[in-house]
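Okay, structure first, notes after.
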Amino acid sequence: MLLCALVGLLLLFSCLDVWYFLRGVVVVVQAWFQPPVWDVLAEQSVAGRVLPHDLDYMGHMNNARYLRECDFARFHYYMRNGIFKALRTLKATMVVGASTIRYRRSLAFGEAFDLRTRIVAWDDKSFFVEQRFVSQGDGFISAVMLCRQNVLRSNPESILQLLCKRKVECPDYPEDLQHWISFISASSQALRAQSGLEDKTGAQEDKDK
């Protein structure tokens, strides 16, 4: 029986990123028992520390771990400001449509940091989220990530209207966000052209006329 259990656990850990799912559950439960954040657009911060399983061959935090930490910080953020609840009410969901991260200074083993998350702006389909890794030692911003969260089966305006009971005006787009959105658009157009989708779309439009 014990051998079967060990084999089962081995297969489970071989086939799934078990620690990721367990960590996700812990983050959601922790956020559930914390006070809600009524200001949907307010920045929220979660504390972290570079542990042995975060390290790469250089003894720094693995590049991929930054994105993983950002995932968990967004779970926490959406739980506390009510966006997850609004998505359930609207029978909607969100997926990451694009993300980019800039590494400014590596986080070393044992270093404590704050991961600060906020919604910067939105359009008719997506929220644009900024996440910053700030060293607790000297306040240096070690990394910055921008994330485009596409809303499926609803839109950001409906979510904010449900949570705030009023229309919420979108803040002005920061210059760096404008450049990033332009890059995403240019990349999409280039990839469509490479796959022939642009020509097919144009041909269909001419046919419809």
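Along the three principal axes, how long is region 33-109 when you take its alpha carbons, biggest first, rounded to the nearest angstrom?
Principal-axis extents of region 33-109 (Cα, largest first): 45, 28, 21 Å.
Give me the angle, in degrees from 0 to 90, between the Cα long axis of helix 18-32 and the longest principal axis of the Cα atoms of the chain, rounded to the nearest 10.
80 degrees
About its Cα centre, what dipole magnitude does region 12-133 give when the only charges are +1 on Lys and Arg Cβ and -1 on Asp and Glu Cβ, stated in debye to the nearest 20?
140 debye
According to a simple spin-label model (label point 7 Å from Cα along Cα-to-Cβ), what is the distance in nm between Thr93 and Leu2?
4.1 nm
Might you tell me the accessible area per residue for region 100-192, computed with a 1.4 Å probe and given in Å²?
Details: 4980 Å² over 93 residues.
Value for region 100-192: 54 Å² per residue.
How large is ³J(HN,Hα) for each residue in region 122-135, as worked out from phi by the Karplus curve 6.51 cos²θ - 1.76 cosθ + 1.60 (θ = phi - 60°), to whole Hz, x for Gly and Pro?
7, 10, 6, 10, 9, 9, 10, 10, 10, 10, 10, 8, 10, 5
Taking the simple approach of a point 7 Å from Cα along Cα-to-Cβ for both Ser185 and Asp114, what is their distance in nm?
3.5 nm
Using helices alone, I'd like the mean residue ellipticity at 222 nm for the chain: each DSSP H run of four-plus residues gives -39500 (n - 2.57), total over residue count, nearest 500.
Values: 7 runs with 96 residues, N = 209.
Theoretical 222 nm ellipticity from helices: -14500 deg cm²/dmol.
Trp122's amide H: which non-local residues (gap 5+, or another chain) put their own amide H closer than 5 Å, with H modeled 1.01 Å from N in plane and none for Pro or chain starts?
Phe128
In percent, how large is the relative contact order of the chain, given Cα pairs closer than 8 Å and 6 or more residues apart? Don't jump to the answer; show the numbers that get you there.
On the way: 279 pairs, mean separation 38.8, N = 209.
For the chain, the relative contact order is 19 percent.
How much of the accessible area of the chain, in percent, comes from carbon and sulfur atoms when a 1.4 Å probe is used? Intermediate values should be presented prior to the final figure.
Values: 7710 of 13190 Å².
So the carbon and sulfur contribution to the accessible surface is 58 percent.
For Rg and Dmax of the Cα atoms in Å, several values are listed as (i) 20.4, 70; (ii) 17.8, 56; (iii) 17.6, 61; flag the one computed from this structure.
Comparing each candidate, only (i) matches the computed number.
Report the rotationally averaged projected area of region 123-172 based on its alpha-carbon convex hull, in square nanometres.
4.7 nm²
Could you tell me which of Leu55, Leu16, Met145 has its Cα farthest along the dipole of the chain towards the positive end, charges placed at Cβ (Lys, Arg +1; Asp, Glu -1), taken about the Cα centre?
Value computed over the given set: Leu16.
May I ask you to derive the FRET efficiency for His53 and Asp123 from their Cβ-Cβ distance with R0 = 41 Å, giving the value to the nearest 0.05?
Efficiency, rounded to the nearest 0.05: 0.65.
If you stretched the chain out fully between Arg104 and Gln136, how much longer would it get, using 0.36 nm times the residue separation minus the C-alpha to C-alpha distance?
Full extension of this stretch gives 10.0 nm more.
The values are calculated or read from the model by the stated rules, or taken from the named source; none is laboratory data. Bear in mind that the values here come from a model prediction, so they are computed numbers and not experimental data. In this analysis, Cβ positions are derived from the backbone assuming ideal geometry, glycine residues included, and neighbour counts consider all displayed protein chains. Side chains are part of the model used for accessible areas, which takes the heavy atoms of the whole protein and leaves out ligands, DNA and RNA. Shrake-Rupley method; radii C 1.70, N 1.55, O 1.52, S 1.80 Å.
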